[in-house]
Each structure stands twice: as C-alpha cells, then as structure tokens.
1. Under 8 Å for C-alpha pairs, at least 6 residues apart: give me the relative contact order for the chain, rounded to a whole percent.
2. By a straight-distance test (C-alpha under 17 Å), which aspartates and glutamates pair with K448 as possible cross-link partners, with residues fewer than eight away in the same chain excluded?
3. Can you list residues whose amide H is under 5 Å from K301's amide H, if they're 5+ apart or on another chain and H is modeled 1.01 Å from N?
4. Using the Cα gyration tensor of the range 301-364, with a ≥ b ≥ c the square roots of its eigenvalues, what is the shape: rounded (a/c below 1.5), prolate (a/b larger than b/c) or oblate (neither)?
5. Where in the range 3-88 are there GluC sites (Glu not before Pro) that are in a DSSP coil and have at most 12 other Cβ atoms within 10 angstrom of their Cβ?
6. Between A199 and Q431, what FRET efficiency comes out of the Förster formula 1/(1 + (r/R0)^6) with R0 = 51 Å and r the beta carbon distance, rounded to 0.05?
7. Using just the C-alpha positions of the range 126-220 as equal point scatterers, what log10 of I(q)/I(0) does the Debye formula give at each q in 0.11, 0.12, 0.20, 0.23 1/Å?
8. Step through the table entries K159/K299; K274/K443; K50/K115; K115/K159; K10/K383; K211/K441, compare each Cα-Cα distance with 26 Å, and write down the pairs that go over it.
Amino acid sequence: MPRMTQSAPKPVHIIGGGMAGSEAAWQLVSQGVPVILHEMRGVKETEAHKTDGLAELVCSNSFRSDDAQTNAVGLLHEEMRRCNSIILAEGDNHRLPAGGALAVDRDAFSAAVTKRLSEHPLVTISREEITGLPPEDWDSVIIATGPLTSESLSEAILKETGEDELAFFDAIAPVIHRDSVNMDKAWFQSRYDKGETLADQTAYLNCPMDKDQYDAFIDALIAGEKTEFKDWEGTPYFEGCLPIEVMAERGRETLRHGPMKPVGLTNPHNPTVKAYAIVQLRQDNALGTLFNMVGFQTKLKYGVQTEIFRLIPGLEEAQFARLGGIHRNTFLNSPRLLDHQLRLKSRPRLRFAGQLIGVEGYVESASMGLLAGRYAAAERLGKTLPPPPETTAMGALIRHITGGHLDAGKGSFQPMNVNFGLFPPITQPTQDADGNRIRGKAKTPARKTAMSARALEDLAGWLG
C-alpha cells in the first residue's frame, strides 16, 4: 500500500464512519489519496448505535438478495465487487446462511472494516463531532453522516441549503435468542427453498399462524402502546421500511401480503395444513445464536413488545437480545441541491454520500460512498470522473437522486432502494440461450437478466 510522502496529495476529509463513509475512505486510499475520517461515536453516541465500530449495521444484518442476474440489489453487489468495495469484500468474508440473500455477522463485519481502515497508512481516524459546516481550509469533504446526523450538523446543513426539514422515521427490528424458540412449532426453511446449499435453503426460522392467531396478533399490534413522536411529529416514514404496527393499521390483510406472507413454505409439523400467515426470523450472527424478526421494525414501546411478539406460535417463551426501537433518519432534497458529482451546488467543496442523499439500504448507501470516494480521488489527482452509465445499478441510482426524480412538490422526494424501474428500458428478449421463444411469465426474468448483462458490460467500459 502507498505511504504518505511529501508529494502525497492533500487529505480528503470524510465526516461519518458508517457504510458510506467507510467505503468512500477505502476508495480514496486505494488510489493513494490520504483520508482523515471524522467519527463522533466514541465521543458522542446516537440513539441507535451500540458500538463505536466503523460500518456498524444498526438495523437488519442483511444486504438483501445476492442474485446478480434478476435482482437489482444483487446486481449492485456485483458492480461494487468489481469496483474493489471494502463493504462487499468484508460482507462476503463474514456472510451467514440466508437463502439467496447476503446476510452477515454484524460484529465480525464491522470489526473487519474497522481493522482494515484503522491499520491503513493513509487513514487517520479522528474521534470527534463536527458541529457545523467544515472549515474553509478543508477544500475536499465528503459528508456521510447518515440517518443519525447530529442535530448541530443538521442545523448547519439546513441553514446552508435553505431547506425546511431533513428528517423522517426509520425503525429497528427485534433480535431473539435462537435457543428460546420452540422448535416443536417453528422450522427451518427458505421461501421456495432458495439457495445453492442446504444452509441457504434452510436459512430462515418460520413461525406459522392460523386465522384466529393472526387476527389476535393484528388486534394486539393496533392496540399496543407506541413510542410518542414528540419533537419529530409529522415526519413521514419511508414506505419501504414501515413499522409493523403501521402496516397493520393500513388494513388487516396488509401483513399477510408483506413480511408475513405464507407462500413458498411447508410446515413439516403439519404439512397438509397451509398456514394463514408466517413470521420469519433470519440468522443474525455467525454462531447462529441470534435471529432477527424479518420485516418487524417497530415503534411499539418496550413494555408491550415482548407481550405482543410472544403471541406468535413458537415465540411464546422468546428471549430478546434486542428489542425494536425508533431512530431519526435524515436526507437531503438531493435533486435540487446536488450535482452529478454529488457536490453541493452552493459549496462544491462539500460532497454528500450514503443515506443522507436519499438512498435507502446498506448497499445503496455504501455504493454512493464508493462513488463519492472515486469522484474525490479523481479530483485530487487532477482528473474528472464521469458518473457511471445510467444502465448500471450505480448509475441508475445516482441519476434518480440528482436529476431523475419528478418533482411533485414538498415532500415528494423520498429515499429510494435500487430497482429495475430506475434503469433505462431495454428491448425485450424474444429467445432464450437455446433459441426457444420466451413466453408469459418468463419474459420478466429474461428482461432483468438482459438489463443486468448490459449493466456489467457498461460498467466494464466505465472502469476501463
């Protein structure tokens, strides 16, 4: 690895050591550009973090689907791997069985990222809170403070941008001790037996409900005492991460068509009876001792969470390693404020990255850190790096964030997961590899596969 010398470029400052900040730092030092990484945890804590480690996973431990052919987030994984991503490298190194998903041992993952960055000769980690806009002599800065940006920095950003607000609510799912689950009622199986290995095909714990149990559970969710919004009243949720009780309030069948859908699973304890609803738990650590409740982010008060979640068959005696909680999320009106290099139009020395710019999800956040790091490295080395092609997952995301959003007035810009709806259209394939005509339901995966192939080909050209 290159070491700092008198001829080394001037350091780039990164504020925030989460997924995006860590990835941005890695991309910079991989090209010989020094980094000063400012992280306030260890000096000032947040409402949701438990450690001072870099790239700590606050909510789920899943990077979601790892299918690079027919799933947009899986394609994003592959693009990042090809871009020398530290987040994907350590995600792969610390992966857990999760069917077709990429789930990681959160503690080992964060420790590995922290170790690699803290031991790199071009990285300086400064444990401090940045309470306002960075000083003027910091001529290249990446702000990647994420959903838990400190109040003082948020206020400084608001003042600079002229925006009214930067926040919405996100919620955390509970984690349960595996040995407290009643395996006379629960069983291991991934939906539709997805995965290449037996471990992947049996990666989820499933807890079935009949109609009466489901109805009682919905009633309890709706009646359960919730955390008060207080100062955050009126802040909207991100639709892709709604608290489970909010979904229940939207309709009694909502959860059966969401995280509790009973499809693709067969109860070995009672194989002839189809469950009315199913709660899934996913492995949360490498030892397999902890499992998180998939899709069960919540703002129920702690006192009622155990009571309500123990109504679920198999969880009657569940012991909780972590209860659900709520934390503030923060993001910019990026289409108005940022250029295609992720620079603040009013102060181009400031770049923003990660969830703060309006992406949702660990991998999406890290991918924007990856791009911000590469943009800043090119700038330091006297070059200009164009955005990746819009046909790629990273390019489609950044295009949406910085110009692809259709403005429908106040509050219309909301955080976005990567999805094929953001990609430019492609001619629908008519034949498969064997020359057979593609018909019916096969058309959609064929189109997605073609989009993924195009993306990786175009990414290669961008990298070249």
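The values are calculated or read from the model by the stated rules, or taken from the named source; none is laboratory data. Since this is a predicted model, take the numbers as computed values, not measurements. Here the Cβ is made from the backbone with ideal geometry for all residues, glycine too, and neighbour counts use every protein chain on show. Keep in mind that these areas ignore ligands, DNA and RNA; they rest on the heavy atoms of the full protein, side chains included. Shrake-Rupley method; radii C 1.70, N 1.55, O 1.52, S 1.80 Å.
1. Contact order relative to length: 21 percent.
2. Partners found: D66, D67, E78, E79, E390, D432, E457, D458.
3. Sorted by chain and number, the residues that satisfy this are E225, K226, T227.
4. It comes out prolate by the Cα gyration axes.
5. Values: sites: E23, E39, E45, E47, E56, E78, E79; in loops: E45, E47, E56.
The qualifying sites are E47.
6. After rounding, the FRET efficiency stands at 0.90.
7. Result of the Debye calculation: -0.69, -0.73, -1.07, -1.33.
8. Numbers: K159/K299 30 Å; K274/K443 30 Å; K50/K115 18 Å; K115/K159 36 Å; K10/K383 15 Å; K211/K441 31 Å.
Cα-Cα > 26 Å for K159/K299; K274/K443; K115/K159; K211/K441; rest within.
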